[in-house]
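The values are calculated or read from the model by the stated rules, or taken from the named source; none is laboratory data. Fair warning: this is a prediction, and the values are worked out from it, not measured in the lab. When we count neighbours, we look across all protein chains shown, and the Cβ atoms used for this are built from the backbone with ideal geometry, even at glycine. Areas reflect the complete protein model, heavy atoms only, side chains present, ligands, DNA and RNA absent. Shrake-Rupley method; radii C 1.70, N 1.55, O 1.52, S 1.80 Å.
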Amino acid sequence: KSIPPFNKSTVSNYKRKAMPISFEDYASNLIKIPEKLRLSWLTYWVIKRTFFVQFCGGETDEECIDTMSKLRKYHIGSILGPSIETDLNQDESSSDIENDEKFNQATNIYLSGIKTMSKLPNSFVNVKITGLSDPLILKNLTLTLNSLNKAFDQFDNDQDGTLRKTELKNLFVNIFGESESRLIDRVLNKADSDNKLIDRLDYFKILLDNRDFMIKHSMLNQKMIKGFNQLLTRLEQISKTAHQYNVKLLIDAEQSYFQPGIDYLAMGLSLKFNKLTDENNFQNGPIIFNTYQMYLKDSSSRLKRDYELSRRNKFVFAAKLVRGAYMANERLIAKESGYPDPIHDNLEDTHESYNGAVTFLLNELYKSKKNLEAKNVNDGSIYDSNISNNPLVFVIASHNQESIIKACEKLDQLGINLDSGAVYFAQLYGMCDQITYALSGLGYPVYKALIYGKVNEVIPYLIRRAQENSSVLDGRAAVEQKALWNEIIRRFKFCK
């Protein structure tokens, strides 16, 4: 079998390919027009008093405290989200020093947000990895992982999903070269010697455990490798601070050409900070949550892969389930680039994917509950499922009423304690309040995600919210309008 090695000389000269212009780009360009006319102050003044106050918590984490306190009166928690993100079509005029300063500043914003949220028990901070490093690093990390996965398939002669260690060595030698044979032997010797066959999950764990080896031979040039190591340092600092202050981190999902790289980093952090053997980590539950956009066709398989990884390696699987936020851009890029659309073909398939993921995780949680009950019977212990011993924890982040109702019914059917700290609900601030407050009133643990930042920084987020609210795919806007109108009538009658 012949798999061409990574061509580092080619990669070192890699330039950002022009990305197709999306709706977000058009909107951003429209905003630049007033800037050229020196009227940006007027544009931002209008946005701040309309879209901004509807969907954002403030310009700083401190400004969000008042909103979070008001939500807490109604037993609604908060997810703090700095508006920090970058895409491949970012401005390339900045120097390396300026970029490093920007990424270090973003790190400090997250650290400040964590300390702010530590004042509210059981709270979250949302993290976008593209805001902490050059996004091209994530794209090339994704390309590397995709190539290594294809290599596994090509060396799997009988297509049974496993490789012998000799076959895996041949795979690595084919990609990385004979000169690395000794290093490859050391890598393989670190792998579980009891497993004569290595499946895809073992393979993924080997790549997680041998990050330096993989990155050395990746599609990252020397400059990118330096940036990658800086990214790891920033993520480590943020995660350690979150652990210190007992604040949970939601690693946000982003575009599909970044996502495998983000998953790789999130699972690496989970292995370290969500370990079941570290009792100090679980006074308030796991720290690292990865996000799964269930409108992607591969999301269910990635979710189950990562859950099984956690089960085998004894760390808590923590996740946030969303439908997705980049549909227009994803489909446009897939079409322009000539690869298959990564998003489910229709809304029904997306609903099935999302509801299926919720059901899968609730069923696994129920199995754990039954195992704990059986243990209590066998050894006379009296442990109940709680935040310190749940093997998985997840956030049902949805604005879809049908999905919320199904999840609540399933929770009730399985007898899962709402106080166990295993399941949370969440909606975006400014959206679907009728769902959030209904859940809170019924005793479900529910959160609002508060995005914050300067007006010019939150524009991409506001554009996505405008796109989402303009959609009538699930009739949500009509439901909200009817509820608001009924409340206006009710108050009017009361005043009379």
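Observations on the model:
- 37 °C / 0.692 mPa s Stokes-Einstein diffusion coefficient of the stretch 321-458, Kirkwood radius on C-alpha pairs, µm²/s: 189
- Whole-percent carbon and sulfur share, accessible surface of the stretch 205-269, 1.4 Å: 49
- Looking at the stretch 195-341, the accessible area is 39 square angstrom per residue; that uses a 1.4 Å probe and ignores ligands, DNA and RNA.
- Mean Cβ count within 10 Å, highest first, over the residues of peptides 254-262, 418-426: 254-262, 418-426
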